[in-house]
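Below: one structure, written as C-alpha cells.
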Amino acid sequence: MKIHEYQAKQIFSDYGLPLPRGSVVETVDAAVEAATNLGVWPVVVKAQVQVGGRGKAGGVKLARNIDEVRRHAQTILGMNIKGITVKRVLVEQGIEIARELYAGAVIDRAGKCLVIMVSPAGGINIEEVAAATPERILKLRVQPGLGLRAFQIRQAIYFLDLPPETHEVTSRIFKALERVIMDHDASLVEINPLVLTTRDEVLCADAKIDFDDNALALHPAIAALRDENEEDPLESEARHHDLSYIKLDGRIGCLVNGAGLAMSTMDLVKHYGGDPANFLDVGGGADPDRIAAALRIVTADRAVNTILFNIFGGIVRCDRVAEGVLRARERSGIDLPIVMRLVGTNEDKAREILAGTDLIMMPTMSEAAQKAVELSKRGE
Amino acid sequence: MSILIDANTKVIVQGMTGTEGRFHAAQMIDYGTNVVAGVTPGRGGQTALDRPIFNTMREAVAETGANASVIFVPARFAADAALEAIEAGLPLVIAITEGIPTLQMMDVYWEAKRCGARLIGPNCPGIITPGQCKIGIMPGHIHRPGKIGVISRSGTLTYEFVNELTLGRYGQTTCVGIGGDPIIGSSFIDLLEMFNADAATEAVVMIGEIGGTGEERAALWIKDNMKKPVIGFVAGRTAPPGKRMGHAGAIIAGGKGTAAEKIAAMQAAGMPVCDRPDQVCELLAQAGIQAQS
C-alpha cells in the first residue's frame, strides 16, 4: 500500500527527522492561509498524489507571493495527474538547495535483508542513476539480527561527503530509514531529495513510504491511511471482497483461479490478438460466492464485451463452479457471451449442467482464449 | 528417485484441526502420504483423521519420528509455526499459508538457514513426488510418475503445466511450488541443483512470473552448471508496471522484473522458452527427451 507525501512526512516527524515547515490543505483559500502562516517566501505548492512524475506533470509549483499561491493552488487542485484527480496540496516553505542527495531503504528479495541506499545524485529517478552510474549509489546491507551498524552509517556519511556539523542529524535520518521499515512493516522508504541547504542544514524535502499489504492487519493506524481516491473504484470494491483485480484497457473480461494462471490467461488472450480487460484472481478454491462477486466487478467495466472463465479446478468441484456461474449470471442479468474452460473434479457433470445453456465450453486454455478473442472481435 | 520427498517421508500437519488443514490432510492421506500426526496448540491428546494431535512440534517429532512438516495455520501464526518446526529439528518445512508479512519471513529464512532446515514456500502449493508422496494442496490425480522435474512460483499454473505433461506422457519425478511471495525459503537455483543431482530427472520445467530477479539468476546458473535441458516459461507478459498481480511477489517495480527481461535471460542461457503452456511437451521432444510409453 502506498501513502501520500504528507502522510509519510508525518511519520518522519514521529522520528524527529528534519522537514520543511508546511501543511496540507484541500481548498485554494486554505492554501493561501497556509502560505501566509508560513511567513516566508517563496513557498512550494505540491500536489498530493501517489504517482511518480507529478513534477513533470505540473503538479509542483514555486510561489513567490499570495497571488501565485492562489493561482497555483487553483491549477493544481482538481488537476488530473495520470488518471488521479488532485484533492490536496502540501504548502511548504521553499528551501535554498545546495545539494540534492538520495537516501532510501528497501527489502532486497534476493539478499533476504533490508538494504539502505544513499547517493549524491538525488532529485532524479534513482533507477536511472542505478542503471547509468551504479558507482554513485552506496548500498548497505542490514543483516537481520545485527541491524544497521554505526560503521555503516559512517560509510554513508563519508560517501556523501557531508559537512561535519550535519553528521548527527544525517545519522539520525539513516537510522530512521531502518526503523520505519522495521516498526511499520514498510517495504520501501525514500527521501528523494534529501537536501543540503546553502546554510548547511539537512532537510527531507520529499518522503515516500510503501507498506507490506500482508502486514497491514498488524498496523491498523497505517491501514487507515489508505486513500481510496487513488484506486480505481472497481479495484477498491474487489479488495473489499478479498479479490485480486486490476483493471486494464481491453475488452475481454478474464476470471481465473490463481494469480499465475490469471496472468498466463491474459498473455494468451494477447497472444491470439485480443486485449484483456483485467487481471482477476478468484482464488485457488474458486468459491461460487466469490465468482459471483467477481462477475459483477468484471462486467461493471463497460468496455467488456466478452467473458472468459479459466478455472483449473483440481480438487475444486467443477459442477459447483458451473452452477455458481449460472446463478451469478442470472442474478446480475448480464447477456455478454461467456466462454468457459473448466478442468477438475466432476468436469463431466459441469459440462452436462452447461450443455443446455448458451455458455460456450472449451476444452483447453488456448482454445478458450482463441474463442473469446473471436467473439470479442465480432462484438466490436 | 525424486527430490525432497518420497515414500519414506513422515509428515506432521501443522494446523490439521482447521478447515483447510483437515481437508488437505485428508487428501494427502488418500494419496498415500504418510501423515503421522497433527499439531494444534490446545488440542493435544485429541485425534483428527485417526492421527494423534500434539500441542507442540517437539512432542510430535519425538513421538512420531517425523521428517517433514506442512503448515496450514493462518497467516498471523504461520511464521511462528515455521520457527517451531525448525526448532524441533525438522529438515524439511513446507509453508502453504498465504499472506505472511515479509519481515517475518525474513527472520524465518535466516533461522532455517542457521539450523540447516530446507524451507519451501510460503504461499505455495507444496511438493509432490507422484505415486509416492504428496505434501500440499495440488490435485494428486493429474500427476504421473516419470522423469521431468517441475519448479514453479505459482499454484494453478503449475497444475496447468503438469496436466499438459501428463497428457503428453511426460511423467514427473517431483514437482515443487516455491511460492509467490517476495521472500521465499528456496529459490529456483536451490531446486535446480537438486534436480541436476537427481539421476531420475532427465529435464526440468521452470515456470516463472514477473517480479524479482529469481528467473534471471537461475538462467545464469543454468548456463554454467545445468547438465539437463530446462524448459522455461514466464507468466505476465501483459502485466502493467507498478501493479501487484495477485502474488505479493509478482510486481514490476522500478522497471525491473518484467517478463521480457526474464525471457531474454532464459534465451541467453540457451533455454527453450514456451510462449504457451501447451507447447511444453513439444519443446521437451525437441530437446531430445522422449515421452513415456
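The values are calculated or read from the model by the stated rules, or taken from the named source; none is laboratory data. All figures in this text were calculated on a predicted structure; none of them were measured in a lab. FYI the Cβ positions are ideal-geometry reconstructions off the backbone, even for glycines, and counts take in every protein chain you see.
Miscellaneous remarks
- Residue selected from region B:231-248 under the condition under 26 Å from B:THR201 (Cβ atoms) and more than 7 Å from every other protein chain (Cβ to nearest Cβ), by the criterion surrounded by the most Cβ atoms within 10 Å (Cβ to Cβ): B:PHE233
- Scanning region B:9-47 for residues that are free of Cβ contacts under 8 Å to residues at least 12 places away in the same chain and not in a helix (DSSP H, G or I), we see that the one that is farthest from the other protein chains (Cβ to nearest Cβ) is B:GLY45.
- Among (1) over 30 Å from A:LEU218 (Cβ atoms); (2) exposed (fewer than 15 other Cβ atoms within 10 Å of the Cβ); (3) touching a strand residue (DSSP E or B) at 6+ places or on another chain (Cβ under 8 Å); (4) among the polar types (S, T, N, Q), the one test that A:GLN155 misses: (2)
- Checking every residue in region B:255-265 against the condition of being part of a loop (DSSP other than H, G, I, E, B) and either closer than 22 Å to A:SER366 by Cα or in contact with an Asp or Glu (Cβ under 6 Å, 6 or more places away or on another chain) (or both) gives at least one match.
- Filter result for the condition that a residue is assigned by TED's automatic domain parsing to the domain that holds A:ALA205, surrounded by 13 or more Cβ atoms within 10 Å (Cβ to Cβ) and farther than 28 Å from A:VAL45 by Cα, over A:ILE126, A:ILE116: A:ILE116
- Cross-chain or 6+ apart pairs with Cβ under 6 Å, region A:267-281 first and at the interface with chain B (Cβ under 7 Å from one of its Cβ atoms), then surrounded by fewer than 23 Cβ atoms within 10 Å (Cβ to Cβ) and charged (D, E, K, R): A:ASP267/B:ARG237
- Matching residues, region A:210-264, being surrounded by fewer than 16 Cβ atoms within 10 Å (Cβ to Cβ), away from every other protein chain (no Cβ under 11 Å) and at pLDDT 95 or above: A:PRO220, A:ALA221, A:ALA223, A:ALA224
- Candidate set from region B:158-197 (those that are small (Gly, Ala, Ser) and buried (at least 24 other Cβ atoms within 10 Å of the Cβ)); member that is nearest to the other protein chains (Cβ to nearest Cβ): B:GLY180
- Condition met for A:THR306 (more than 14 Å from chain B (Cβ to nearest Cβ) and buried (at least 23 other Cβ atoms within 10 Å of the Cβ)): yes
- The residues of region A:303-328 that are farther than 15 Å from A:MET362 by Cα and either in contact (Cβ under 8 Å) with a residue 60 or more places away in the chain or not in a helix (DSSP H, G or I) (or both), listed by number, are A:ALA303, A:VAL304, A:ASN305, A:GLY314, A:ILE315, A:VAL316, A:ARG317.
- Inter-residue pairs, beta-carbon under 8 Å, first in the same structural domain as A:LYS46 (by TED's automatic domain parsing) and touching a residue at least 60 places away in the same chain (Cβ under 8 Å) and in region A:68-85, second surrounded by 13 or more Cβ atoms within 10 Å (Cβ to Cβ) and outside any loop (DSSP other than H, G, I, E, B), 6+ apart: A:ILE84/A:ASN229; A:ILE84/A:GLU230; A:THR85/A:ASN229
- Set A:ILE307, A:ILE334: member being among the hydrophobic types (A, V, I, L, M, F, W, C) and modelled with pLDDT under 95: A:ILE334
- Qualifying residue in region B:210-225 (condition: away from every other protein chain (no Cβ under 14 Å), part of a strand (DSSP E or B) and on the phi < 0 side of the Ramachandran plot): no
- Among residues of region B:267-293 that are in the same structural domain as B:LEU165 (by TED's automatic domain parsing) and within 17 Å of A:LEU268 (Cβ to Cβ), those with a Cβ under 8 angstrom from a residue that is of a type in the set (Phe, Trp, Tyr) and in a helix (DSSP H, G or I), sequence gap 6+ or separate chain, pair up as B:PRO277/B:PHE161; B:VAL280/B:PHE161.
- Criterion (out of contact with any Lys or Arg (no Cβ under 8 Å at 6 or more places or on another chain) and either assigned by TED's automatic domain parsing to the domain that holds A:LYS247 or outside any loop (DSSP other than H, G, I, E, B) (or both)) met by exactly one of A:LEU90, A:LEU62: A:LEU62
- Test: residue in region A:319-328 that is more than 14 Å from chain B (Cβ to nearest Cβ), surrounded by fewer than 17 Cβ atoms within 10 Å (Cβ to Cβ) and at pLDDT 95 or above: no
- Residue within region A:62-82 that is β-branched (Val, Ile, Thr) and in contact with a Leu (Cβ under 9 Å, 6 or more places away or on another chain) present: no
- Annotation for region B:274-284: at least one member residue is in contact with a His (Cβ under 7 Å, 6 or more places away or on another chain), of a type in the set (D, E, K, R) and facing another protein chain (nearest Cβ under 10 Å).
- Selected residue (only one of A:ALA277, A:ALA328, A:ALA303 is more than 24 Å from B:ALA235 (Cβ to Cβ), of a type outside the set (D, E, K, R) and in the same structural domain as A:GLY260 (by TED's automatic domain parsing)): A:ALA328
- Selected residue (criterion: modelled with the lowest pLDDT) from residues of region B:130-140 that are surrounded by fewer than 21 Cβ atoms within 10 Å (Cβ to Cβ) and closer than 24 Å to B:GLY15 by Cα: B:GLY140
- Matching residues in region A:210-237 - criterion: being in contact with a Leu (Cβ under 7 Å, 6 or more places away or on another chain) and assigned to a strand (DSSP E or B): A:ASP210
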